[in-house]
Amino acid sequence: SNKSSSSSTSASATSRYMFHLVWLSAVMYMMYGALYNAYKIRLGAIEEYGPVIHEFDPYFNYRATEYLYEHGAKKFFTWFDYKVW
């Protein structure tokens, strides 16, 4: 009876180990998919328009944020940026 108990405990431990292994594999697969899709989305502009900075210019975003901070929302929404071409 004692031998049968230890073999069922061993089988239970093995099945728990397999469950955790499958769970970890599924989580890793989902994380890989999410990271891959995030990478593809981020490079969407480069794939479509080429490696030229258009409206994705981080300096423009910085200037716009700075203008919004210094002048407020009312002036920001009527602001025309003469530095862009």
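Computed quantities for the displayed model
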item: Residue within region 67-77 that is at pLDDT below 80 and among the charged types (D, E, K, R) present; result: no
item: Subset of region 35-47 [open to solvent by 60 Å² or more (accessible area, probe 1.4 Å) and at pLDDT 80 or above]; result: L35, Y36, N37, Y39, K40, I41, R42, E47
item: Condition broken by S25, with the remaining ones in (1) modelled with pLDDT of 95 or more; (2) polar (S, T, N, Q); (3) open to solvent by 100 Å² or more (accessible area, probe 1.4 Å) satisfied; result: (3)
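The values are calculated or read from the model by the stated rules, or taken from the named source; none is laboratory data. Just so you know, these numbers come straight off a predicted model, no measurement behind them. The area values use the complete protein model at the heavy-atom level, side chains included, leaving out ligands, DNA and RNA. Shrake-Rupley method; radii C 1.70, N 1.55, O 1.52, S 1.80 Å.
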